[in-house]
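The values are calculated or read from the model by the stated rules, or taken from the named source; none is laboratory data. This is a predicted model, so every value here is computed, not measured. Heads up, the Cβs are rebuilt from the backbone with ideal geometry, glycines too, and the neighbour counts pull from every protein chain shown.
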Amino acid sequence: MKEGWEAVIGMEIHAQLKTETKIFCGCAANFGDEPNANTCPVCLGLPGALPVLNEKVVELGAKAALSLGLNINETSIFSRKNYFYPDLPKGYQISQFDKPFSSNGTLEVLTAERDESGHAKDWKPIKIHIERMHLEEDAGKNVHEGLPDVDKYSYIDLNRAGTPLGEIVTGPDFRTSWQAYDYVNHVRRVLQWVGASDADMEKGNLRCEANVSVRKVGEEKFRNKVELKNLNSVRFMQKAIEYEIERQIEAHESGEGVNQETRLWDEKNNKTKVMRSKEDAHDYRYFPEPDLQPLKVSTEFIEKIKSEIPELPDAMLARFQRDYDLTFADASQLVGDISLAAFYEATAAASKNARASANWILSELQREWNAAGNSAADSPVSAENLAELIRFLDEEKINGKQAKEVLIEMFASGKSAADVVKEQGLEQISDSGAIEKIVEDVMAANEGQVAAYRGGNEKLLGFFVGQVMKASKGQANPKMVNEVLLEKLK
Ligand SMILES: [Zn+2]
């Protein structure tokens, strides 16, 4: 960022809560199904149909709110947000306005700047104020499709109409695009951890918007802000914010100024472009939803939900470093995803070698996952099987080079480490009698070198080791080979 300027960024995240059914009716909350398959009079907005709140939404909303440091309000009110849009059959969205489900939270987020190549450096915690998380229903979807020889046509799919959302709104607390990036990832992981949402941006069940403005360092007032939408991945969001910061600084410096408007990220051209200006801003005419009671939650309910929240990612990160003696970098990679963290813990427990488990997962296995498009969640090699491989290595049944080959075969065939080792005849020779025999054969076949070694050319030890390993097809225990050779060559 240009010297003398600072960015002011606030974030809004819409997370789809992971319920089986919609927020105010019994329709399945699946929007990949046949268009309009999951609809009923309530979510179609037919006259006279009445909404009934889904209790599961309150439960998942509470889990999300509590694990993001928010306070749940004893009473919250659903309100109608009025606007006209084809994908909104009722002409209003049921949301929450002045009395949201939860509010006033403080969240600590680990964040770091990145260097030119994108590597994070100097992770440190920042405190973010979360103003609120309210509950609301999602709208449907306008679908625009073209057919060969036919003009583009549009239709409306209301499968998504009425699926439950939690909208999480922060204060203008971020100063860099990377802080916003780390925050969204933090929220994404927490929501996945507690099972409140799949929180997958690519699938659209986590959507975010950024409010961006800039000001001179030391200035108290906020300048005009721009709302960034259409951010399909966390990385695009970060790029869009970065672009917008530079664009606004330039616009202020040139005297042109910044308009209060909504802009979209144009992925092809790597820039933001205007979607609509402030003049088109809606007046939503909120009023309390007359068909729903105020939502009241008891202290007992909140206590029960609190007791169900598992260890959160940051606490797990600290524990991995402490209990498994992992570096920050390794531990944070392992807690990057809930199934990866579980995979690691299962491997570490079964192998009794936490350090090696981290190394194997983050290097060899990760490489296989990447190449095959797998992850810890659907790994062809189970944690138990990887642990067995690590034990073989620790017990010196096989060597490191062989272990890597065994893993590749395990990955391809789905077989256990024991089966692959047996099939390939890889078991390491650790029988001293057998090794002595090979050493003697090698010495007998290389009398000249034996004489030279005994005459003082000790560098030849490497030659003998190589010959013995070759004769044993790589299966001799290298440590024992060394010991036996040193003894016999004396
Ligand atoms: Zn319905």
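A few notes on this one:
- Segments classed as helices (runs of 4 or more DSSP H), wholly inside segment 388-490, with at least 3 members that are surrounded by fewer than 17 Cβ atoms within 10 Å (Cβ to Cβ) and in contact with a Leu (Cβ under 9 Å, 6 or more places away or on another chain): 478-489
- Only residues that are surrounded by 13 or more Cβ atoms within 10 Å (Cβ to Cβ) and away from the ligand (no atom under 11 Å from the Cβ) were counted across segment 38-53, and they come to 1.
- In segment 92-123, residue surrounded by the most Cβ atoms within 10 Å (Cβ to Cβ) [restricted to those that are part of a loop (DSSP other than H, G, I, E, B) and in contact (Cβ under 8 Å) with a residue 12 or more places away in the chain]: Phe101
- When segment 4-37 is filtered for residues that are buried (at least 17 other Cβ atoms within 10 Å of the Cβ) and near the ligand (Cβ under 10 Å from one of its atoms), the ones remaining, listed by number, are Thr21, Lys22, Ile23, Phe24, Cys25, Cys27, Ala29.
- Residue check, Val57 within 16 Å of the ligand (Cβ to nearest atom), assigned to a helix (DSSP H, G or I) and modelled with pLDDT of 95 or more: yes
- For Glu242: the one exception among (1) in contact (Cβ under 8 Å) with a residue 60 or more places away in the chain; (2) surrounded by fewer than 18 Cβ atoms within 10 Å (Cβ to Cβ); (3) among the acidic types (Asp, Glu): (2)
- For segment 328-340, the set of residues classified as outside any helix (DSSP H, G or I) and either among the aliphatic types (A, V, I, L, M) or under 9 Å from Ala358 (Cβ atoms) (or both) consists of Val335 only.
- Residue within segment 438-448 that is in contact (Cβ under 8 Å) with a residue 60 or more places away in the chain and under 53 Å from the mean Cα position of the chain (by Cα) present: no
- For the residues Met410, Met469, Met480, the requirement of being among the aliphatic types (A, V, I, L, M) and out of contact with any Pro (no Cβ under 8 Å at 6 or more places or on another chain) singles out Met480.
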